[in-house]
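Notes to accompany the following structure.
The values are calculated or read from the model by the stated rules, or taken from the named source; none is laboratory data. On a predicted model such as this, the values are computed, not experimentally measured, just so you know. We place every Cβ from the backbone using ideal geometry, glycine too, and count neighbours over all the protein chains shown. All accessible areas refer to the heavy atoms of the entire protein, side chains included, with ligands and DNA or RNA removed. Shrake-Rupley method; radii C 1.70, N 1.55, O 1.52, S 1.80 Å.
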Amino acid sequence: MTWKKLILIGDSNTQFAHGRSGWVNSISDLFQRRCDVINRGFSGYNTDQIRLILPKIFSEFKTETVCGVIIMLGSNDSTDQIAQIQHVNLEKFSENISSIIDFIINWGVAENKIILVSPAKIFDEKWQQVKGPNAFHFDHLVKNYAHEVIKIAKNKSVMYFDFRQAMEDYGSEYHDLLHDGLHLSKEGGNLLFKGLLPILEKNILSDLQINFPDWKNFSLNQQEIV
């Protein structure tokens, strides 16, 4: 028996999401006994780098086993140009995100099983306190990348959650959603999960069955379980 896979692709806000923010844990809980949630988050990576490793990420899976893909990128691409290794200009970023989606669709995942998430807002004051002169992430820069993600999602007819907009709708206390100004807090992880939940339930969870029967349906001397 091969369990279905839900693959998450992103940067540090995905890689670290089993910890403080916990949003990947919430997704794993939602899909328990239905599929494996595979975290392929890479701290510090931009879309240039993700695009290079994408074929290697998918090489370990079979098309028929992948039930969905969540992509959240752009925070590192949008860094100030002084951050040469991380910065990717908006035009190239758009090309990269489009290429990543095209690869996944051509690999065999349907458009309605792909979810694009716009990168989170940044609380500049806090992040600058943490990083000092090495703070190259700024909210006014990531804003354009977030808007580009939603535009691409619409053009490609894939699902999307505008996380940045949800954070803006949270109001003036949005900084509570970020524990250090850049990375998500528990509250931020909860907001992201709640935004993804209706899409996941409608487009992915509804197609999956619980693997193996409930124990209460077993007989006293059960010899086989299918």
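A quick yes/no check of all residues on (1) of a type in the set (Phe, Trp, Tyr); (2) farther than 30 Å from THR65 by Cα:
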position	(1), (2)
SER99	no, no
ILE104	no, no
VAL109	no, no
ILE114	no, no
PHE123	yes, yes
LYS126	no, yes
GLN129	no, yes
PHE138	yes, yes
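When GLY181, GLY132, GLY171, GLY189 are checked against the criterion of being under 26 Å from GLN86 (Cα atoms), small (Gly, Ala, Ser) and not in a helix (DSSP H, G or I), a single residue qualifies: GLY181.
For region 37-56, a tally of residues being among the hydroxyl-bearing types (Ser, Thr, Tyr) and either touching a residue at least 60 places away in the same chain (Cβ under 8 Å) or in a loop (DSSP other than H, G, I, E, B) (or both) returns 2. In region 211-222, the residues that are within 19 Å of ARG34 (Cβ to Cβ) and touching a residue at least 60 places away in the same chain (Cβ under 8 Å) reach residues that are of a type outside the set (Lys, Arg) and open to solvent by less than 80 Å² (accessible area, probe 1.4 Å) with C-beta atoms within less than 7 angstrom, at least six apart or across chains, in these pairs: ASN211/TRP3.
One residue stands out among those in region 57-73 that are assigned to a helix (DSSP H, G or I) and of a type in the set (S, T, N, Q): the one that is least open to solvent (accessible area, probe 1.4 Å), which is THR65.
Mind counting the residues in region 1-36 that are among the aliphatic types (A, V, I, L, M), open to solvent by less than 30 Å² (accessible area, probe 1.4 Å) and not in a loop (DSSP other than H, G, I, E, B)?
Filtering region 1-36 for residues among the aliphatic types (A, V, I, L, M) gives 1, 6-9, 17, 24, 27, 30.
In the following step, the residues that additionally are open to solvent by less than 30 Å² (accessible area, probe 1.4 Å) were identified as 6-9, 17, 24, 27.
Within this subset, residues satisfying the condition of being not in a loop (DSSP other than H, G, I, E, B) are 6-9, 24, 27.
Going through region 1-36 one residue at a time, the tally reaches 6.
Scanning region 167-202 for residues that are under 17 Å from SER26 (Cα atoms) and polar (S, T, N, Q) gives SER185, ASN190. Remark: VAL37 falls outside the filter, which requires a residue to be among the β-branched types (Val, Ile, Thr) and closer than 23 Å to VAL142 by Cα.
Check whether at least one residue in region 41-49 is surrounded by 18 or more Cβ atoms within 10 Å (Cβ to Cβ) and touching a strand residue (DSSP E or B) at 6+ places or on another chain (Cβ under 6 Å), and report yes or no. Yes: one or more hits.
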